[in-house]
Amino acid sequence: MKFKPANNIQDLQYFGEFGGVNPSISDSSTYTFLSAKTMFDTFEGNADGCYLYSRHSSPSNLYLGEALAAMEGTETATVTASGMGAITPVLLQLCDAGDHILSSRTIYGGTYAFLKNFAPRLGIYTSFVDITDLPAIEASITKNTKVLYCESVSNPLLEVADIVALSKLAKKHNLKLVVDNTFSPLSISPIKLGADVVIHSLTKFINGSSDTVGGVVCGTQDFINQLRNVNNGAAMLLGSTMDSLRSASVLKNLRTLHIRMQQHSKNALYLAQQFEKDGLKTVYPGLSSHPSHQLFKSMMNDTYGFGGMLTIDVGTLENANALMELMQERNLGYLAVSLGFYKTLFSAPGTSTSSEIPEDEQKEMGLSDGLIRFSIGLDADIERTYEMMKNCMVELNILQPEFV
Ligand SMILES: *Cc1c(COP(=O)(O)O)cnc(C)c1O
């Protein structure tokens, strides 16, 4: 049977305290108990349905977590104050000093900086690999390797991870496969393909309104319990808890994710096809020229398309900057990092979101100076947007005018 992530979200039924159609927001940091014994049991993690303290869990956070678990097909989930606030506790929960992580080299800049610069302070070392090169990955596994880490669609180069093959490798060598699915919510369901833990930055498509940061870890009940354990749980002890008011607002936005993703994908595919026709070096997993087009197709939940992210290469950083400034002036989008907004957002990854990655490594990864990353918005009239973007490129001599 096909996995239907949006149905799973929609089928949940939460009511508010007074029969409200939205669940009540839990506006409390702490909770009373009628009996001292129940308080003790809750501390020990043995009292289902009881709340202790909101850094541990709160009703509002559980509602959002359960909705995201339904989306990803996991037993449960825990929401966090940011995407990084989900990624770092997961890795620290899975690894002790002396352990080794194998990570894709094309990942979010913050994750890269954490693995490269911070985790070694705790004795956790990472090897960065080309995630599309399975033999090289297997050859890099050591007896200390605990985690295989990747993004389903990578930031910013839009490389696609073969989650089925990676999960086989992970199982063979007893590693946990942790997948950051931020770029492809609904389109790709990593758990169904064999991943052990799925992480999202909710900041991006899932919340979709660029008004907050947030994150989630989706996994087994056992793993989420470990993260929340009052004695040794990394999520509990590092304290990156989401606020209840915010989780209530993210839950409301989650309900339109399926409609938004379809529009992001439709618009991005249209622009990618036009840009490619115009002779621009365009990277979009929905293009048959993308090296992992077939792989993405084999993994995707059809309805939601190939996502809202695309990149073009306009040759030089000067071109990229001039184009982004002109597009912003014409109100075609904003020169801003992040993604998943109703407006198109664009940035030059080499000098912004991936600037944590040293220049020589950027080169080796194929991260060129003229690269512009687009998060395509929900534009109602994408044909008009395209014409206006093209005019900008012609004015800046990035594209030659056509004489018909
Ligand atoms: C933004 C992002 C993150 C970090 O999320 P924050 O909410 O900013 O902490 C992690 N992974 C990916 C792929 C992202 O795009």
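The table below gives the values:
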| quantity | calculated |
| --- | --- |
| Cα point-scatterer Debye curve for segment 199-279, base-10 log of I(q)/I(0) at q = 0.12, 0.20, 0.22, 0.27 Å⁻¹ | -0.52, -0.95, -1.04, -1.22 |
| Cα-derived Rg to Rh of segment 260-350, Kirkwood definition | 0.97 |
| Inter-probe distance in nm under a simple model that places probes 7 Å from Cα toward Cβ, at ASN231 and LEU245 | 3.6 |
| Structure-based [θ]222 nm, the chain - -39500 (n - 2.57) summed over DSSP H runs of at least 4, per residue, nearest 500 | -10500 deg cm²/dmol |
| Amide proton proximity set for ASN22, modelled H, under 5 Å, gap of 5+ | GLY16 |
| Principal-axis tilt of helix 382-395 within the chain, Cα atoms, nearest 10 degrees | 50 |
| Probe 1.4 Å, protein heavy atoms only - accessible area per residue of segment 242-341 in square angstrom | 43 |
| Rel. contact order, % - alpha carbon contacts under 8 angstrom, at least six apart, the chain | 16 |
| Using alpha-carbon coordinates, inclination of helix 244-254 to the longest axis of the chain, degrees | 50 |
| Crossing angle, helix 59-72 versus the chain [Cα axis fit, 0-90 degrees, rounded to tens] | 50 |
| Zero-based 10 Å bins, Cα pair distances in the chain, whole percents | 5, 23, 31, 24, 12, 4, 1, 0, 0 |
| When the convex hull of its Cα atoms is projected in every direction, mean area for segment 76-159 (nm²) | 5.8 |
| Filter on LYS297/LYS390; LYS2/LYS192; LYS281/LYS390; LYS2/LYS297 - keep pairs with C-alpha separation over 20 Å | LYS297/LYS390 |
| Shape metrics for segment 1-103, restricted to C-alpha atoms - Rg then Dmax, Å | 16.9, 52 |
| Length released on extending from ASN117 to ASP302, taking residue separation times 0.36 nm less the Cα-Cα span | 62.8 nm |
| Share of pairwise Cα separations in segment 251-404, more than 29 Å, in percent | 16 |
| Ranked by how many other beta carbons lie within 10 Å on average, peptides 125-132, 342-349 from highest | 342-349, 125-132 |
| Calculated FRET value between ASN331 and SER35, using beta carbons and R₀ = 60 Å, to 0.05 | 0.50 |
| Hits among aspartates and glutamates - C-alpha to C-alpha of LYS252 under 15 Å, sequence gap 8 or more where chains match | ASP11, GLU66, ASP211, ASP243 |
| Distance histogram for segment 74-226 (every C-alpha pair counted, 10 angstrom bins, percent rounded to whole numbers) | 12, 45, 37, 6, 0 |
| FRET efficiency estimate (nearest 0.05) - Cβ-Cβ, LEU287 to LEU317, R0 22 angstrom | 0.35 |
| Cβ crowding within 10 Å averaged over residues, with 283-292, 62-71 ranked highest first | 62-71, 283-292 |
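The values are calculated or read from the model by the stated rules, or taken from the named source; none is laboratory data. These figures come from a predicted structure and were not determined experimentally. So basically every Cβ, Gly included, is an ideal-geometry build from the backbone, and we count neighbours across all protein chains shown. These area figures cover heavy atoms from the full protein model, side chains too; ligands, DNA and RNA do not enter into them. Shrake-Rupley method; radii C 1.70, N 1.55, O 1.52, S 1.80 Å.
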